[in-house]
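This report refers to the structure that appears directly beneath it.
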Amino acid sequence: MTPKLFGLAEKTETGDPDPTRVHIWGMQLPDRAIMYWREDHRNQFAVFDTAANAESRFGTLFNLTLLWV
């Protein structure tokens, strides 16, 4: 099984994800989505049921949108 990579990126003026401004990276597995980012010089991660659920949580907090890689 190959994970499907995604990012949570800033939105362009048209509302599309900007691939040059990804803040959080992740991978979608069959049974969960795992996200990774750095904050205050520390590695952070979070686990969600799906990438869409991750976007729902973090996208709202930081005005980011889902970008499939």
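Counting Lys and Arg as +1 and Asp and Glu as -1, what is the net charge of the other residues whose Cβ lies under 14 Å from the Cβ of Thr12?
-2
Separation between the Asn43 and Thr2 pseudo-spin-labels, each 7 Å from Cα along Cα→Cβ, expressed in nm?
Going by the 7 Å Cα→Cβ label model, 2.5 nm.
Let me know the charge dipole size of the chain about its Cα centre in debye, to the nearest 20, where only the beta-carbon of Lys, Arg (+1) and Asp, Glu (-1) is charged.
180 debye
Suppose each label sits 7 Å from its Cα in the direction of the beta carbon; what would the Lys11-Asn53 distance come out to in nanometres?
Between Lys11 and Asn53, the simple spin-label model gives 2.4 nm.
Using only the alpha-carbon atoms, what does the chain span along each of its principal axes? Please give whole angstrom values in decreasing order.
So the three principal-axis extents are 35, 27, 19 Å.
Values in this text are rule-based calculations from the coordinates and carry no lab data. What you see is a predicted model, and the numbers here were worked out from it, not measured in a lab. Cβ sites come from the backbone with ideal geometry, for glycine too, and all protein chains shown count toward neighbours.
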